[in-house]
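Taking it in order: structure first as structure tokens, then the write-up.
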């Protein structure tokens with residue numbers, strides 16, 4: 001679907017997430033994924049929006065400092081309930097608490113992305129928010145879902161693209177944002193920055209599903 005305008009300046013996704021990698025690969029953008037080790041802690045007096053934006057910037061910058069000529073995408077996703085941030089659960093008990101918190105309620109999924117090219121002095125930031133409504137969850141459903149192990153590496157203790165899809169009653173806004181990367185907004189920004197261009201469609205990925213792990 002897309003190609004790099006300058007193949008000599010590769011695109012790098014600063015992420016360990018197979019879900020983010022899949023979303024970019026699915027729409028046909030050539031890239032390389034490199035994980036980061038940024039601590040995802042909320043600083044004192046930091047708002048959720050500032051927090052998620054800072055982490056996206058730090059992830060992008062950590063790779064840009066190693067590869068200053070390349071285009072880097074950093075991203076971070078959080079779950080908000082009444083303005084409180086739900087991160088990744090520490091253990092099954094914490095996952096159970098989170099799932100009880102979001103049960104039968106609407107919450108927000110916020111993803112920030114940063115596109116960076118250090119040698120060109122280019123930096124672009126975006127934040128996308130999606131409303132998600134979770135159905136009423138029974139204790140049996142919560143315990144069964146936790147037993148799959150899927151909640152343990154996901155903000156808010158669920159994955160919209162996996163088994164956790166059965167929890168969701170409604171999504172208002174970007175689905176890919178809930179998965180971990182708002183692809184429409186990222187693609188539009190990459191086009192605007194002159195990083196990518198359209199090329200003939202490749203349908204080889206159409207029948208593949210988003211990875212859960």
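Here are a few things to note about the model shown:
- Residue among 63, 29, 34 that alone is touching a strand residue (DSSP E or B) at 6+ places or on another chain (Cβ under 8 Å), under 30 Å from residue 3 (Cα atoms) and modelled with pLDDT under 95: 29
- Tally of residues being free of Cβ contacts under 8 Å to residues at least 24 places away in the same chain and over 16 Å from residue 17 (Cβ atoms) across region 150-165: 1
- Unique residue being in contact (Cβ under 8 Å) with a residue 60 or more places away in the chain and on the phi > 0 side of the Ramachandran plot when the list is 126, 121, 28, 74: 28
- Residues of region 83-105 satisfying the condition of being touching a residue at least 12 places away in the same chain (Cβ under 8 Å), within 21 Å of the chain's Cα centre (by Cα) and more than 22 Å from residue 149 (Cβ to Cβ): 83, 85
- Entirely in region 1-94, the strands (runs of 3 or more DSSP E) that have 2 or more residues that are touching a helix residue (DSSP H, G or I) at 6+ places or on another chain (Cβ under 7 Å): 11-14, 71-81, 84-86
- Pair list, Cβ under 7 Å, 6 or more apart: region 2-14 residue at positive phi and without any contact (Cβ under 8 Å) to a residue 40 or more places away in the chain, other residue buried (at least 18 other Cβ atoms within 10 Å of the Cβ) and in a loop (DSSP other than H, G, I, E, B): none
The values are calculated or read from the model by the stated rules, or taken from the named source; none is laboratory data. Bear in mind the structure is a predicted one, so any value in this text is a computation, not a measurement. Glycine gets a Cβ as well: all are built from the backbone with ideal geometry, and neighbour counts include every protein chain shown.
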